[in-house]
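Below is one structure; the comments refer to it alone.
The values are calculated or read from the model by the stated rules, or taken from the named source; none is laboratory data. Values in this document were obtained by computation on a predicted structure and should not be read as measured data. Please note: Cβ atoms are built from the backbone with ideal geometry, for glycine as well, and neighbour counts cover all protein chains shown. Side chains included, ligands, DNA and RNA excluded: accessible areas come from the protein's heavy atoms. Shrake-Rupley method; radii C 1.70, N 1.55, O 1.52, S 1.80 Å.
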Amino acid sequence: MKCLSCGASFNIDQKLIVCPICGGLLEIINEFETFNKNNLRGKGVWRYKELIPGDYKKIISLNEGNTPLIKSKKYENLYFKFEGLNPTGSFKDRGMTVAISSAYSLGYKIVVAASTGNTAASASAYAARAGLKTLLFLPKGKVAKGKLFQSILHGAVIVEVDGNFDNAMSRVRKIFNEDNDIYPVNSFNPWRLEGQKTIAYEIYEDIGNPDFVIVPTGNAGNIYAIWKGFKELENLSFINKVPKMIAVQAEGASPIVNYINNNKMEFIDNPETIATAIRIGKPVNYMKAIKAITESKGSALKVSDNEILQAQIYLAREEGIGVEPASASAMAAYQKLLNNGYIDIKDKVVLVLTGHALKDPNTTLDAEIYNVSQNNIEILINKLKT
């Protein structure tokens, strides 16, 4: 394990969450010398158990992972990794199965998280499965109803915080620093990212190595985790190079894009976007995300709320895939990168669609809803035929 801030190194220790010297982010560096693909068994995240470090007395699982990689009907070399079909409807379940399994194995009784919604839903579900208690800090009035409902349903204790996600995260970090009996499951916990890296493994098993992977980026753990998964595949000689990692953020919440463009990190105090899952102005994993982008020779771009909504409609009405707005940002980014020539139509590209449409049903879409008598239904049918 290595600290990204002070450079200190430690033996892999499941009890370590942050650097014990400076409190910085820790990387788990897996130096697998060999791996036999014939040893893979089962489906989902724990199919790759040999590549996930840690000692787990009991694996807490809801059969997460094994999500479909859907080929676009319009773009020949475009694929959608639909993470919305995980048990609680988002990619967070991949990391949560590892984080909660770790908490359980270490003897914790309470887990804590800050969330824009998806982490809260996932943490509360997996903690319930493990028989643990969940404490959540959520930005008041800024969590989609579908996600809030999931947290309530699974029995979490919810504290609403004035302000945004970053204020909620500050509360979690304070509790973590002061109470050793509560286990944090946000993505500054490096063990959670060991589950999320399996997205890369599944993509590789399905289509080999893509040229680009486009990832909606909020707190920025996922783009790093996916890069890490591909990097491990490269180290094992399964692939020759890591795909270029592309971070996409909303215009009103784009500190990582601003860094990539200006080489200066400027956090956003009041991030605003319709894409609630990536409405984060101070991403805790920005150092890891920047590493993933730069080492893969990738890039980052921002898209407008209008572009996100149009992409959401496209995915639903043309590809048949219903995603929340944050996920649709990946489609908006792909179309933008095609138009400006950064990506060629021949490039093999994977969009990580992070959450299901039902997670965030607050978006207002134009709809044609009719109230007609049976005698006039023929008029409506004729309209559909034209």
Of the conditions (1) open to solvent by less than 60 Å² (accessible area, probe 1.4 Å); (2) under 23 Å from Leu85 (Cα atoms); (3) touching a strand residue (DSSP E or B) at 6+ places or on another chain (Cβ under 6 Å), Asp206 satisfies every one except a single condition; which number is it?
(1)
For Leu26, are the conditions met, namely being of a type outside the set (Val, Ile, Thr), surrounded by 14 or more Cβ atoms within 10 Å (Cβ to Cβ), over 30 Å from Glu319 (Cβ atoms) and at pLDDT 95 or above?
yes
Closer than 24 Å to Phe35 by Cα and either among the polar types (S, T, N, Q) or in contact (Cβ under 8 Å) with a residue 24 or more places away in the chain (or both) - does that describe any residue in region 112-120?
no
I'd like the full set of residues that are among the polar types (S, T, N, Q), touching a Phe, Trp or Tyr at 6+ places or on another chain (Cβ under 8 Å) and within 18 Å of Lys197 (Cβ to Cβ), limited to region 90-117.
Thr97, Ser101, Ser102
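Taking the conditions exactly as written (of a type outside the set (S, T, N, Q), surrounded by 24 or more Cβ atoms within 10 Å (Cβ to Cβ) and assigned to a helix (DSSP H, G or I)), does Gly95 satisfy them or not? Outline the logic, then answer.
On the way: of a type outside the set (S, T, N, Q): yes; surrounded by 24 or more Cβ atoms within 10 Å (Cβ to Cβ): yes; assigned to a helix (DSSP H, G or I): yes.
Yes.
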List pairs: first residue in region 272-287 and under 14 Å from Ala168 (Cβ atoms) and open to solvent by 50 Å² or more (accessible area, probe 1.4 Å), second residue modelled with pLDDT of 95 or more and outside any helix (DSSP H, G or I) anywhere in the structure, Cβ distance under 6 angstrom, at least six positions apart or on different chains.
Lys282/Phe267
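When you check Ile203 against the structure, is it touching a residue at least 40 places away in the same chain (Cβ under 8 Å) and closer than 17 Å to Ala333 by Cα, yes or no?
Working: touching a residue at least 40 places away in the same chain (Cβ under 8 Å): yes; closer than 17 Å to Ala333 by Cα: no.
Here the answer is no, as Ile203 does not meet what is asked.
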Quick one: in region 248-267, which of the residues that are open to solvent by less than 10 Å² (accessible area, probe 1.4 Å) and part of a loop (DSSP other than H, G, I, E, B) is farthest from Tyr224 (Cα to Cα)?
Ala253
Condition check for Phe238: of a type in the set (Phe, Trp, Tyr), more than 30 Å from Lys37 (Cα to Cα) and either in contact with a Lys or Arg (Cβ under 9 Å, 6 or more places away or on another chain) or in contact (Cβ under 8 Å) with a residue 60 or more places away in the chain (or both):
no
